[in-house]
Structures are given as C-alpha cells and as structure tokens.
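This report refers to the structure that appears directly beneath it.
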C-alpha cells in the first residue's frame, strides 16, 4: 500500500515497529507552519499523548538504522495487519468476529485466550475488549477474563474507555472498572430506547 493511500482516522489503533500499541486521538494542523500532525496516545505505561508529523508517522522503517525489523512501516494499522496476515492464530481471528460470537453464543469462549509472554505483543484479551462494539459486550469480555486479569490489563482497558481506576488490590480495581462499564452500558441501553 502506498503512503498516499494510507489515511489516518481518530480511534484507529496502530502498532509501532518496536511492538507497542498507540491510538490515534486526531489529526491536527500546526498553527504556525501549517504542517499536518498526527496526535496519538500510548496504550501502555503512562499513556502519554504525542504529536508527530503526518508524513513521518506514515513513513517506512529506516532499514539502515533497523535492519532486522520485519514491519514495513513505522506505524501499521492493527486491523489491516490482522486481516492481511494468513498465519494469524485462531484466537485473534475469533476477535475479529466478536460481535457475531456474542450474538450466537451469548457468552464468550475463552479457550483461545492465552496470556501474552512478551511485553511488546498486544494482549489478545485487550484486543477482544477493544473490538467489542458496545459496553455490554465489553462487560462480557471483562467478566470472562476476571480470573486472569492483571493491573496492566485493567489500566489498558480503563484508558480505552477514558476512565482511570485507582490503585489498590486487583479485586477492588476489577470491580471499579466493571462498575464504570456497567454504568456506561446502562446509559447506552437507555439512549437507544
């Protein structure tokens, strides 16, 4: 895909060539120079927000500086990566069809959810959560992964829905996140009536 064909939209999730995930906040125009900028947020660590020139964000990885990197572009859209990769395991493929699975089965099958060993790989449980279209679906994902939940996963999920969960023991943090999602699900349902 040519750089000119790649268009960035708010809400998209990109993987940096070093493996970390970032979410697009918006595309902005620099007030002085008129340069187009991508405003994006880390989906890990301190969740800092960064700005980078649009063309640089879409540029290819510098092969002289990073000869061993397999990824073509500095940042690649996670959805495109999943759709184009023919060797993706069944667990990730299942997350693409999460909505259908919930409607058909009414509960999530967690057999294909595995713990992620590498800090730089996207957690499949987080991907399922991010792929859920409604807060009711997000609630189901959260409940199904309760036994394997970690502080980092709670932080990542909270950031994805624009809330913060106070520090504390894991059960208290889990319930706090679940309460936030239940509240949003309640108003989401009421709004649709």
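Computed from the coordinates by the stated procedures, all read-outs in this text should not be read as laboratory data. Given the structure is predicted, the values throughout are model-derived calculations rather than measurements. As a convention, Cβ positions derive from the backbone with ideal geometry for all residues, glycine included, and neighbour counts pool all protein chains shown.
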Förster-model FRET efficiency, 25 Å R0, residue 163 and residue 18, C-beta, rounded to 0.05: 0.35
Stretchable slack from residue 6 to residue 66, in nm (0.36 nm times residue separation minus alpha-carbon distance): 19.4 nm
Chain lengthening between residue 30 and residue 152 when straightened (0.36 nm per residue, less Cα-Cα): 40.6 nm
Approximate spin-label separation residue 187-residue 49, in nm, with each point projected 7 Å along Cα-to-Cβ: 1.9
Sites residue 56 and residue 170 - FRET efficiency at Förster radius 45 Å, r taken between beta-carbons, to 0.05: 0.70
